[in-house]
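Note sheet for the following structure.
The values are calculated or read from the model by the stated rules, or taken from the named source; none is laboratory data. Please read these numbers as outputs of a predicted model, since none were measured by experiment. In this analysis, Cβ positions are derived from the backbone assuming ideal geometry, glycine residues included, and neighbour counts consider all displayed protein chains. Keep in mind that these areas ignore ligands, DNA and RNA; they rest on the heavy atoms of the full protein, side chains included. Shrake-Rupley method; radii C 1.70, N 1.55, O 1.52, S 1.80 Å.
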There are 4 protein chains.
Amino acid sequence: MITAGIVGATGYTGVELLRLLSSHSHVEVNCVTSRELAGTAVPRHFPNLRGRLDLEFSAPEAPALGECDVIFFATPHAVAMKSAAQFLAGGARVIDLSADFRIRDIDCWEQWYGTAHECPDLVAEAVYGLPEVNRELIRDARLIAVPGCYPTAIQLALLPLLENRLVDESRLIADAKSGVSGAGRKAAAEYLLCEASESISAYAVAGHRHHPEIVQGLETAVGGPVTLTFVPHLTPMIRGILATCYAPVRDPDACSAEMLQHAFERRFAGEPFVQVLPQGELPATREVRGSNVCEISVNYIEKSEMAVVLAAEDNLVKGAAGQAIQCMNIMFGWEESRGLEGIGLLP
Amino acid sequence: MITAGIVGATGYTGVELLRLLSSHSHVEVNCVTSRELAGTAVPRHFPNLRGRLDLEFSAPEAPALGECDVIFFATPHAVAMKSAAQFLAGGARVIDLSADFRIRDIDCWEQWYGTAHECPDLVAEAVYGLPEVNRELIRDARLIAVPGCYPTAIQLALLPLLENRLVDESRLIADAKSGVSGAGRKAAAEYLLCEASESISAYAVAGHRHHPEIVQGLETAVGGPVTLTFVPHLTPMIRGILATCYAPVRDPDACSAEMLQHAFERRFAGEPFVQVLPQGELPATREVRGSNVCEISVNYIEKSEMAVVLAAEDNLVKGAAGQAIQCMNIMFGWEESRGLEGIGLLP
Amino acid sequence: MITAGIVGATGYTGVELLRLLSSHSHVEVNCVTSRELAGTAVPRHFPNLRGRLDLEFSAPEAPALGECDVIFFATPHAVAMKSAAQFLAGGARVIDLSADFRIRDIDCWEQWYGTAHECPDLVAEAVYGLPEVNRELIRDARLIAVPGCYPTAIQLALLPLLENRLVDESRLIADAKSGVSGAGRKAAAEYLLCEASESISAYAVAGHRHHPEIVQGLETAVGGPVTLTFVPHLTPMIRGILATCYAPVRDPDACSAEMLQHAFERRFAGEPFVQVLPQGELPATREVRGSNVCEISVNYIEKSEMAVVLAAEDNLVKGAAGQAIQCMNIMFGWEESRGLEGIGLLP
Amino acid sequence: MITAGIVGATGYTGVELLRLLSSHSHVEVNCVTSRELAGTAVPRHFPNLRGRLDLEFSAPEAPALGECDVIFFATPHAVAMKSAAQFLAGGARVIDLSADFRIRDIDCWEQWYGTAHECPDLVAEAVYGLPEVNRELIRDARLIAVPGCYPTAIQLALLPLLENRLVDESRLIADAKSGVSGAGRKAAAEYLLCEASESISAYAVAGHRHHPEIVQGLETAVGGPVTLTFVPHLTPMIRGILATCYAPVRDPDACSAEMLQHAFERRFAGEPFVQVLPQGELPATREVRGSNVCEISVNYIEKSEMAVVLAAEDNLVKGAAGQAIQCMNIMFGWEESRGLEGIGLLP
């Protein structure tokens, strides 16, 4: 049994961490911080936890936090970078769900996040927490940068194609659709039910913060430059991301639906949380609601010589809190699926 | 470890039983029947079970069914009454989620369900599976009639008032709002997204099958006649029931919000799945989505001398599959919450 | 052709007024104010008006406002009371969609709205703009207090019963369900899609500002005291109110479904915007989405001697902007339905 | 004033035609057919028409139909082809909203629609009813094939790029998201609220009937072959299509956001129902709900040398019934926007 603390757990990533950790047999959450809600019972803020978590929010300076074995940051960007070092120095492992340690190029990070990075040294040390890529590195890491929600789905959809040099890496497209919880719990007019329901729209067409993160992952896989057009869409639902990825195949004569299917099945064989669907079946975000699974469907459009790969995940689970726990399980040597056995809620 | 079979598991109650039983440490599901889908892999029909349940639908006559320790009926009405006796004779326990054994007055049942009852003897034996009322009887029962979704919420909301003679039992009103999953998975135009979303409407104002079931429970508590006006509403959401119950208090001079609150807290003290909210807090169905909890809020409107009790539940869990499993746990002497620990999915 | 101005048109009532007035053949909107958005093109804020309204938001002090023939207030409460007198003095008619002039008892208003009323004289002069009750008074009024959304539906549902002394006015219940647009366009966390969709909840059970307004209307009809229990609910949809009203009949022996039906048909004969549904048909809010119609269904539950009346309206149209325009049409001697001919959007 | 008949008006396209035609000053609907509902009052089936349309459904053989000046087919495919010739022979104009006359290549049509075409002669005569392309031909046409919903949005999004040879026509991608009403009013399980809400999924990735129709339009514009990858998605909302189109620019050195913007503004100058949004603004389907407008946003992603064009429409209006009426207005020499002045319902 270890002890866990969560910094900044008042949003959707926070409540999802709490939901999952409260059922984790090896973890006791004993500190949850929020400057604004300090002193309030956590279940008062998150009523689904009534009777399941007997804890109050603490101020971020709470000493109990420093005694935790693992610290999760569920904060906006530019918070974890200020205090991660101190927790690491105290001997804790740190799992950051924000963007602070995801991008290795500090200039690039500073440009997208609009502030100076205060802890570039730890960026170099941090391990990008995508178990399907970095499982071994995660095992020994002190500091994990949990991938963003879009980057998780899009990398899982494209990596097998790129690693096997099956497609033209200079002409990739990811058309991604996210539920509104991806925007967090902030009270902005555009995410009101009356604005966001019964409508779909694209946003950040000119550029999105997850773009450099995705490209970094894809370029690492290829060992060279990758060009990706990425358009995210706000979809009228609470949870879920569907990424529809388009990649022109490199050698149409050698390509077939079966060949692509095998490449994906091989790549993800044994992965506990990636399900390559049988050929011809298509994913839906409802199939993974509340679960840590990412469903992938591989299609080949012969006429346009195009691989179309669909990846569906719950943005708050495999796209955030679930993946963080998967990393924790690896770091502590536990079964990778511990605490993540929950089956998706359908309907 | 016991073995369980589910008859007719192709609808929403069925998939919810499968979701919950698949995570239950003491149960192995080894037979799931559907005449129509016999031979199809269950996860092909319910994709949230992919990788979690390796079973095909069997024909209803499958011998494996007869060997199960417990049989769940997730069928439309008038199915369980035809074969429950045979399974009981074979030594199994039977938990019927349909209406076949809920109403003790056979004439009344036949009138509402429009067919002759083929097994009146078992109606007399069956225990109405509301643990908050019949826990001891459930322990020793061979046959459980799991309450309907509306009856669960409305009885839990009204019982403490009636048992304590606090209200006028001749003037009760239950205005209930249900998500669309209450109608099942049948392909009827009125439940299409384009018909049922972005709208609310009442239905069955002239009379609903759950009315006699609710009244039977309330009259048992009172030991005399009860008059209830019950109006169900179709609400544009997937899961959840909110029952808003109105009961004129018998003795306004002696009544207060605190007194009502205490009556409810006393009545449900120790209940694992009833949460009486602190005075002034109101429930929302989202707070219990996917969990077996029923949240109850008691209010007293002094000016109109009216108790207003709100009960929120997930109609597929506490209103169906979860309650069935709660009964099973009691029947087999296990911890009542086993397999029902899942925390509600919020948001 | 007259000119119209709208004060504070940045919310949902405002955009609905603009949608309807832009199609009104006798009205030209030539001033729309918003302190915050002054200088911004109106269609930039409300994109559905692109190409249909060539106007910028003005500051509230804009001289153009003073020159309008009619001024609509689509402001929060406590704004219209500060400047209505000045516009009336300038010769304009004023139609206030806020609560400032609805409640004749100033003490009561001040208690519910938490501020001193700055213009009690005009409260006495203002006509409550429910055409089905006050058509003749509206014709000659200078100042209209447009009813609230809940009060419109609930009064239309109960008035025929009370005016005809058919029910016990001391035991009325209105269980009302509103879409989220009833809360306006303010960015509060509770109205985010992730909080308000897929859930239903009651609110303001202890007391709601519309309660005294409804009671005032009902008591005027009865000529004596009325006791009403009113519970509003937040429903996961954008538009629409469904009020389910319960009223115990006074003389069950003389009562029947037909008798109640006739009372409603008589009461609303010739009303352009009240549709009494044929006996046995039930309304749904989707049937009146975007239209000024209020659908009413009358039911008699013999066993409980209860009249159950359902009223469905679009809260932004018959519950706000449409009713305001209906009043304007009456005030200016035009056909009452001018500009309100739009048929509801279904699906 | 002309008379109009609608064949097969029991679905969503039918009710939308009725909503719009009922407000059209030059048209009287005097025959609406449905074999199944013959004898039923139309508003009984479509309650939004209560009090606005006093007509019963007739059998398809109704003589009144033959006397109409214009006949709309709102039928499934393979119906209009059986009787269009007879109505044309009788002197009526025919506007077919189904797919029967859209595709000029009969073999291709038969392959996609799985039946023999019974009226190839009329395919040759029919005019494809996209006013932005065929306005002059529509004026003199006897028979109009109204474009499909996806083809309308996607052609409007891509035509300016192709007509001006700005992009590589061999590498086009259209990722389209449709509300559930696109599937019609048929009672299929996959379109139930419980299946289709709170989820997004792709479908028909391997091939969709609208693909050849879109390609036909694009190839006509280019005068040569076009390769398009088209992936439609089912989106959890009632109405609306958003098409996100990707086209690699032919000459990146000569390309810029401004240049693309001008190409679109020039192309659609004066078009009553195409709104090219100002640079940097992005469309949302809610902005055109219930209106005949198609909103278009042109974006240039310099890094990937990609034009990204977004088109939003209401699939039942500009994507079906509204476009049909726009064609009718042109055919009869009326103002093109008559009966289509309705402003979108927002929120």
From the backbone phi of the stretch D:66-75, what are the Karplus-calculated ³J(HN,Hα) couplings (6.51 cos²θ - 1.76 cosθ + 1.60, θ = phi - 60°) in whole Hz, Gly and Pro given as x? x, 9, 6, 7, 9, 10, 9, 9, 10, 9
Looking at B:13, B:114, B:331, which one has the Cα that reaches farthest to the positive end of the dipole of chain B (charges on Cβ: Lys, Arg +1; Asp, Glu -1)? B:13
7 Å along Cα→Cβ for the label point: how many nanometres lie between residue C:88 and each equivalent label in the other copies, listed shortest first? 6.7, 7.0, 7.5
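If packing is taken as the mean number of other Cβ atoms within 10 Å per residue, what is the order of D:217-227, B:172-182, highest first?
Working: D:217-227: 16.6, B:172-182: 27.2.
Put in order of decreasing packing, that is B:172-182, D:217-227.
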Looking at chain B as a GNM with Cα springs under 10 Å, which of B:290, B:148, B:39 has the largest mean-square fluctuation? B:39
Can you pull the percent of the protein assembly as shown's accessible area that's carbon plus sulfur, 1.4 Å probe, other chains left in place? 47 percent
Under 5 Å from the placed amide H of residue B:167, counting only residues 5+ away or on other chains, we find B:250
How much of the DSSP bridge set in chain D is antiparallel, in percent, rounded to the nearest 5? 45 percent
Between A:53, A:18, A:260, where does the largest GNM mean-square fluctuation fall for chain A, given springs only between Cα atoms within less than 10 Å? A:53
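Rounded to the nearest 5, what % of DSSP beta bridges with both residues in the protein assembly as shown are antiparallel? Provide the component values of the computation, followed by the final result.
Numbers: 106 of 230 bridges.
Within the protein assembly as shown, antiparallel bridges account for around 45 percent of the total.
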Under a Cβ-only charge scheme (Lys and Arg +1, Asp and Glu -1), can you give me the dipole magnitude of chain C about the Cα centre, in debye to the nearest 20? 700 debye
Which order do you get for C:1, D:259 if you rank them by accessible area with a 1.4 Å probe, largest at the top? C:1, D:259
Which residue, A:288, A:48, A:126, has the largest displacement toward the positive end of the dipole of chain A when charges sit on each Cβ (Lys, Arg +1; Asp, Glu -1)? A:48
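Within 10 Å of each Cβ of D:310-320, how many other protein chain Cβ atoms are there on average?
For this peptide, the per-residue mean of nearby foreign Cβ atoms is 1.
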Over the Cα atoms, compute the radius of gyration (one decimal) and Dmax (the largest Cα-Cα distance, rounded to a whole number) for the stretch A:2-125, in Å. 14.7, 46
Listed by chain and number, the lysines with an alpha carbon less than 17 angstrom from that of residue B:318, same-chain partners under 8 positions apart left out, are B:177
With θ taken as phi - 60° and the coefficients 6.51, -1.76 and 1.60, list the Karplus ³J(HN,Hα) couplings across the stretch D:205-221 in order, rounded to whole Hz; mark glycine and proline as x. 4, 6, x, 10, 4, 7, 4, x, 5, 5, 4, 4, x, 5, 5, 4, 5
Take the alpha-carbon centre of the stretch C:195-252, take the same for the stretch B:186-226, and report the distance between them in whole Å. 21 Å
The ratio Rg/Rh over the Cα atoms of the stretch C:150-314, Rh being the Kirkwood inverse mean 1/r radius, stands at 0.98
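Rank these by accessible area, largest first, 1.4 Å probe: B:156, C:166.
On the way: B:156 0, C:166 30 Å².
Ranked from most to least accessible, the order is C:166, B:156.
If you take the square roots of the eigenvalues of the alpha-carbon gyration tensor of the stretch D:112-200 and sort them as a ≥ b ≥ c, do you get rounded (a/c under 1.5), prolate (a/b over b/c) or oblate? Could the numbers behind the result be given before it?
Values: a/c = 2.23, a/b = 1.28, b/c = 1.74.
Judged from the Cα gyration tensor, the stretch D:112-200 comes out oblate (a/c at least 1.5, b/c at or above a/b).
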Roughly how many Å² of residue B:209 are accessible to a 1.4 Å probe, to the nearest 10? 90 Å²
Accessible-area ranking of C:121, C:69, largest first, probe 1.4 Å: C:121, C:69
Phi-derived 3J(HN,Hα) across the stretch A:299-311 with the Karplus relation (6.51, -1.76, 1.60, θ = phi - 60°), rounded Hz, x for Gly and Pro, is 10, 10, 9, 4, 4, 9, 6, 10, 7, 10, 10, 10, 10
If you count only protein heavy atoms and use a 1.4 Å probe, how large is the accessible surface of residue B:345, to the nearest 10 Å²? 10 Å²
Quick one: accessible surface of residue B:128, probe radius 1.4 Å, all protein chains present, in square angstrom to the nearest 10. 30 Å²
Mean accessible area per residue over the stretch C:2-125 (1.4 angstrom probe, all protein chains present, square angstrom) is 40 Å²
Taking the alpha-carbon centroid of each part, what is the distance from the stretch A:327-347 to the stretch C:52-106 in angstrom? 59 Å
Over all residues in A:152-160, what is the mean tally of Cβ atoms on other chains that come within 10 Å of each residue's Cβ? 0
Environment charge of residue C:291, counting only residues whose C-beta is closer than 15 Å and scoring Lys/Arg +1, Asp/Glu -1: 0
For the protein assembly as shown, just say rounded, prolate or oblate: build the C-alpha gyration tensor, square-root its eigenvalues into a ≥ b ≥ c, call rounded for a/c under 1.5, and beyond that prolate if a/b exceeds b/c, oblate if not. rounded
Please give the total accessible area that chains D and A bury against each other, computed with a 1.4 Å probe and expressed in Å² to the nearest 100. 3500 Å²
Place a label point 7 angstrom from the Cα of residue D:271 along the Cα-to-Cβ direction, then list the residues of the stretch D:305-321 whose backbone nitrogen is under 17 Å away. D:308-321
Residue D:208 neighbourhood, Cβ < 14 Å, K/R = +1, D/E = -1, net charge +2
Could you give the Stokes-Einstein D for chain D in µm² per second, using the C-alpha Kirkwood radius, 25 °C, 0.890 mPa s? 120 µm²/s
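What is the sum of charges, Lys and Arg at +1 and Asp and Glu at -1, for the other residues whose Cβ falls under 14 Å from the Cβ of residue D:93?
On the way: positive: D:139, D:142; negative: D:67, D:69, D:96, D:125, D:140.
Net local charge, residue D:93 excluded: -3.
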Sequence-distant or interchain residues sharing an amide H contact under 5 Å with residue C:275, placed H: which? C:294, C:295, C:296
Taking a crude spin-label model, label points 7 Å out from Cα along the C-beta direction, the residue C:186 to residue B:170 distance in nm is 4.5 nm
Roughly speaking, what is the centre-to-centre gap between the stretch B:134-159 and the stretch C:143-175 when only Cα atoms are used, to the nearest Å? 38 Å
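How well do other chains shield peptide B:39-51, expressed as the mean number of their Cβ atoms within 10 Å of each residue Cβ?
Working: counts 0, 0, 0, 0, 2, 2, 0, 5, 12, 12, 4, 11, 6.
Taking the mean over all residues of the peptide, I get 4.
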